[in-house]
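Everything on this sheet refers to the single structure shown next.
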Amino acid sequence: MAEVKVKKEANLSDPAEVENRIKELCHQFPQGITDQVIQNDLPHLEPQQRAMAINKLLSLGQLDLLRNSSGLLYRLKDSQSTSKMKGSDNQEKLVYQIIEDAGNKGIWSRDIRFKSNLPLTEINKILKNLESKKLIKAVKSVAASKKKVYMLYNLQPDRSVTGGAWYSDQDFESEFVEVLNQQCFKFLQSKAEAARDSKQSPMVQRNSSFATSHEVWKYICELGISKVDLSMDDIETILNTLIYDGKVEMTVIAAKEGTVGSVDGQMKLYRGVNAVIQPTGLVKTPCGLCPVFEDCHEGGEISPSSCIYMTEWLDF
């Protein structure tokens, strides 16, 4: 017969046991607990006893008092953040905690205001104070040029914030991307030409014309044309644009675990391709490639007379 575990009731007459039970609940719910959670777990605990236990844990610095849209939250305090925030008031600690929870994607001051329910003037004052202590930093986001997000000082911003290698001071580096496009395609073309010159069987020639994204990445790194460190994902992004342009094709093969360039037992291979015939003039028009061609008609939301792509194409 299976053993039945019975929850041991806290001795409500002992304040230390009540405090320990509240801390256990905080361990079970790392994001924080409300008064209702404590009431549900300790239904016979008097409100005055509950308040005394919570206040003692707060005064000892063992709990953080947070506020969200549903009310107050109690959460176990992190020992590292405790030492960093020594001497700060509760409002400053609350703002710091909200920013810490946002991670390396950061958070806008508007969202801090919503989560903390503090006045904007007070939040701005706290943010400046935390920045002066080098506990947080403001980072400009490519998603909104006039807005800044706040994150912990020692964090590296997420690519969604900085734009990655393709952005410099929030400006898209179109020339840099074009150079990478050309060099990646040049490498794949040279590999395809070497395969054709090998005079081997057609199948062997085709297979040897493929290159892994790691090989392309290594080639670009050795060229030294990038001032920033490019990752494999960056190079695969460039290769994807070449696929969309019809200059490169990709295939996926099975690979042994640990093989350089493989992910989850699979490896992507790329090779340069040449068009069999030149596309006709109609295909070169914006209409020939337009994904909403069928919805386009005069007088509609999408129409030839208001099409900016058609205007640009005719402006030669």
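The values are calculated or read from the model by the stated rules, or taken from the named source; none is laboratory data. What you are looking at is a predicted structure, and each value in this text was computed from that prediction instead of being measured. Quick reminder, even Gly has a Cβ in these numbers, built from the backbone with ideal geometry, and neighbours come from all protein chains shown. With ligands, DNA and RNA removed, areas are computed over all heavy atoms of the protein, side chains included. Shrake-Rupley method; radii C 1.70, N 1.55, O 1.52, S 1.80 Å.
Just a few scattered comments:
- Cross-link table K56/K147; K56/K140; K77/K115, entries beyond 30 Å C-alpha to C-alpha: K56/K147; K56/K140
- Relative to the 2.2 N^0.38 Å rule of thumb, the chain has a C-alpha radius of gyration ratio of 1.53.
- Largest first, the residues S109, S59 sort by 1.4 Å accessible area into S59, S109.
- Simple spin-label estimate for S190 and K105 in nanometres, 7 Å along Cα-Cβ: 4.1
- Overall, the anisotropy analysis places region 174-272 in the oblate class: the square-rooted eigenvalues a ≥ b ≥ c of its C-alpha gyration tensor yield a/c not less than 1.5, with a/b not exceeding b/c.
- Per-residue SASA remark: I235, around 0 Å² accessible (1.4 Å probe; ligands, DNA and RNA not included).
- Rolling a 1.4 Å probe across all protein chains gives L72 an accessible area of roughly 70 Å².
- In order along region 174-184, the Karplus-derived 3J(HN,Hα) couplings, from 6.51 cos²θ - 1.76 cosθ + 1.60 at θ = phi - 60°, round to 5, 5, 4, 4, 5, 4, 5, 4, 5, 6, 5 Hz, and Gly and Pro are given as x.
- Accessible surface ranking for D295, D14, 1.4 angstrom probe, highest first: D295, D14.
- Exposure of V263 as accessible area (Å², to 10), given a probe of 1.4 Å and all protein chains: 100
- Compared with the rule-of-thumb size 2.2 N^0.38 Å for a compact globular protein, region 83-213 has a Cα radius of gyration ratio of 1.73.
- The chain - accessible surface per residue (Å², probe 1.4 Å): 67
- Carbon + sulfur, % of accessible area of the chain - ligands and nucleic acids excluded, 1.4 Å: 52
- Nonlocal amide H pairs with D64, under 5 Å, H built at 1.01 Å: R75, L76, K77
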